[in-house]
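K.L.:
This is the structure I have questions about; it appears just below.
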Amino acid sequence: MVEMTEKIKPEQRFTMERDGFYGEYYRAKDNAFPDKCMIAFGGSVGKFLLSQMMAWEFAAAGMDVLILAYHGEPGLPKLLKDQPVDVIEKAALWLKAQGYEKIGLWGVSMGGCLALLAGSLLPELISCVVASAPMEMVPQAEDSKCPIPGSAFSFHGRSLPYVRYIPDGKAWKKAFLKETLRHKEPCTIDLLRTAYEKNDEPEAVIKIWNIRGPILVLGSEMDSMCPDVETIRRYGAQLKEHAFPYRFESRIYPHLGHFILPVRPYSSALFLSERKYKKECAAERKQSWEDTLAFLRAW
């Protein structure tokens with residue numbers, strides 16, 4: 001994995017005003033994945049640094065990558081509401097114009113949800129998805145971890161159907177804080193389970209079976225934010241039911257927690273697994289990246 005001193009500079013930058021998406025394009029020095037490029041993005045926090053760290057990892061591994069911001073940057077929603085999936089469409093079209101034959105998506109947490117969602121909405125452009133600790137339904141909009149009316153995502157100007165959080169509004173935030181104090185780490189897993197179980201909007205379920213290419217989902221047994229094990233099991237059942245013709249692979253790591261990626265964000269120290277099992281998490285972090293690259297080599 002890349003040392004912080006080995007930062008790779010972007011070859012090109014993009015803005016919403018000029019290009020219709022906000023991002024940076026990195027070209028690998030020694031390309032090991034000809035004609036392929038990944039579009040990568042982070043989670044709900046919206047900080048671009050995590051995406052940049054992933055860009056260095058992809059480029060160092062020999063893969064070209066275009067990283068995106070989908071909220072919080074100039075020209076994009078400031079809140080997690082009606083975030084436009086269109087930015088991924090525009091970025092993919094730009095990559096197609098550069099001659100890439102295969103375009104994949106990588107995302108973590110809310111970004112993992114977005115990767116699967118975008119792959120299902122853009123099957124003619126996207127041919128591979130890697131989702132780390134994703135949600136299985138389009139989530140409700142939120143402001144500072146407090147649910148607000150509306151959908152987190154939109155597409156072509158239309159808000160997408162979403163699963164409602166239970167309880168809603170400030171009551172949900174209180175429940176989140178209570179769970180966090182009880183578990184001694186950020187914890188939404190039971191709140192998400194309740195939302196999934198009581199969901200009354202069938203269209204909120206992400207139609208991953210519409211993706212035209214292989215799918216890799218990474219999860220952890222100690223993820224306190226998302227119910228990874230159940231989610232992956234349901235994904236497998238859905239794909240089997242729809243006779244999904246492409247590869248579906250999953251990996252469940254025993255200790256890694258919510259950040260299933262090759263880099264270790266500073267905020268990972270908030271999670272119990274990272275505090276209690278430092279060596280195990282470091283080994284599994286490395287393994288998760290090796291598993292991801294092996295999957296992408298077979299794409």
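K.L.:
Can you tell me which residues in the stretch 77-107 are under 15 Å from the mean Cα position of the chain (by Cα) and over 14 Å from Ile126 (Cα atoms)?
P.N.:
Within the stretch 77-107, Leu80, Gln83, Pro84 meet the criteria.
K.L.:
Do we find a residue being touching a helix residue (DSSP H, G or I) at 6+ places or on another chain (Cβ under 8 Å), open to solvent by 10 Å² or more (accessible area, probe 1.4 Å) and at pLDDT 95 or above anywhere in the stretch 73-93?
P.N.:
yes
Residue-wise test of (1) modelled with pLDDT of 95 or more; (2) open to solvent by 30 Å² or more (accessible area, probe 1.4 Å).
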site: Met1; (1), (2): no, yes
site: Asp30; (1), (2): no, yes
site: Pro34; (1), (2): no, yes
site: Cys37; (1), (2): yes, no
site: Lys47; (1), (2): no, yes
site: Ser51; (1), (2): no, no
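K.L.:
Within the stretch 204-226, which residues are open to solvent by less than 10 Å² (accessible area, probe 1.4 Å), assigned to a loop (DSSP other than H, G, I, E, B) and closer than 15 Å to Val138 by Cα?
P.N.:
Ile206, Cys226
K.L.:
Still on this structure, please answer the following. Within the bounds of the stretch 157-172, is there any residue that is over 27 Å from Ser220 (Cβ atoms) and of a type in the set (Lys, Arg)?
P.N.:
yes
K.L.:
Now for a different question. Of everything in the stretch 167-188, what is open to solvent by less than 100 Å² (accessible area, probe 1.4 Å) and in a loop (DSSP other than H, G, I, E, B)? Give them in sequence order.
P.N.:
Those that are open to solvent by less than 100 Å² (accessible area, probe 1.4 Å) and in a loop (DSSP other than H, G, I, E, B): Pro167, Asp168, Glu185, Pro186, Cys187, Thr188.
K.L.:
Oh, and also: Looking at Arg13, Arg18, which one is modelled with pLDDT of 90 or more, assigned to a strand (DSSP E or B) and open to solvent by 30 Å² or more (accessible area, probe 1.4 Å)?
P.N.:
None of the other options fit; the residue is Arg13.
K.L.:
Additional query: When the residues of the stretch 122-135 are filtered to those that are in contact with a strand residue (DSSP E or B) (Cβ under 7 Å, 6 or more places away or on another chain) and surrounded by 22 or more Cβ atoms within 10 Å (Cβ to Cβ), which remaining residue is farthest from Ser224 (Cα to Cα)?
P.N.:
Ile126
K.L.:
Within the stretch 270-279, can you find the residues that are charged (D, E, K, R) and open to solvent by 40 Å² or more (accessible area, probe 1.4 Å)?
P.N.:
Correct list: Arg275, Lys276, Lys278, Lys279.
K.L.:
Quick test of your reading of the structure: Phe58 fulfils all but one of (1) surrounded by 15 or more Cβ atoms within 10 Å (Cβ to Cβ); (2) without any contact (Cβ under 8 Å) to a residue 60 or more places away in the chain; (3) part of a loop (DSSP other than H, G, I, E, B). Name the failing condition by number.
P.N.:
Going through (1) surrounded by 15 or more Cβ atoms within 10 Å (Cβ to Cβ); (2) without any contact (Cβ under 8 Å) to a residue 60 or more places away in the chain; (3) part of a loop (DSSP other than H, G, I, E, B) one by one, Phe58 breaks only (3).
K.L.:
Could you run through the stretch 189-203 and say how many residues are in a helix (DSSP H, G or I) and of a type in the set (S, T, N, Q)?
P.N.:
1
K.L.:
Shifting gears a bit: Looking at the stretch 136-166, which of the residues that are buried (at least 18 other Cβ atoms within 10 Å of the Cβ) and among the acidic types (Asp, Glu) is modelled with the highest pLDDT?
P.N.:
Per the stated criteria, the residue is Glu136.
K.L.:
Now a separate question. Please verify whether the stretch 286-297 includes one or more residues that are modelled with pLDDT of 95 or more and assigned to a loop (DSSP other than H, G, I, E, B).
P.N.:
no
K.L.:
Any idea which residue in the stretch 61-72 is farthest from Ala294 (Cα to Cα), counting only those that are open to solvent by less than 10 Å² (accessible area, probe 1.4 Å) and among the aliphatic types (A, V, I, L, M)?
P.N.:
Once the filter is applied, the top-ranked residue is Ala69.
K.L.:
Pull up the stretch 227-269, narrow it to residues that are part of a helix (DSSP H, G or I) and within 21 Å of Phe41 (Cβ to Cβ), then point me to the one that is most open to solvent (accessible area, probe 1.4 Å).
P.N.:
Out of the qualifying residues, it is Tyr266.
K.L.:
Can I ask one more? Quick one: what pairs do we get from the stretch 103-126, first residue part of a strand (DSSP E or B), second among the hydrophobic types (A, V, I, L, M, F, W, C) and open to solvent by 10 Å² or more (accessible area, probe 1.4 Å), C-beta under 8 Å, 6+ apart or different chains?
P.N.:
Listed by first residue and then by second, the contacts come to Ile103/Leu125; Gly104/Trp299; Val108/Leu50; Val108/Phe259.
K.L.:
For the stretch 143-164, which positions are within 22 Å of Leu261 (Cβ to Cβ) and either of a type outside the set (A, V, I, L, M, F, W, C) or part of a strand (DSSP E or B) (or both)?
P.N.:
Lys145, Phe153
K.L.:
Answer yes or no as to whether Val263 is at pLDDT below 95 and within 25 Å of Ala32 (Cα to Cα).
P.N.:
Yes; evaluated as a whole, the condition is true for this residue.
The values are calculated or read from the model by the stated rules, or taken from the named source; none is laboratory data. What you are looking at is a predicted structure, and each value in this text was computed from that prediction instead of being measured. Glycine gets a Cβ as well: all are built from the backbone with ideal geometry, and neighbour counts include every protein chain shown. To get the accessible areas, we keep the full protein, side chains included, count just its heavy atoms, and leave off ligands, DNA and RNA. Shrake-Rupley method; radii C 1.70, N 1.55, O 1.52, S 1.80 Å.
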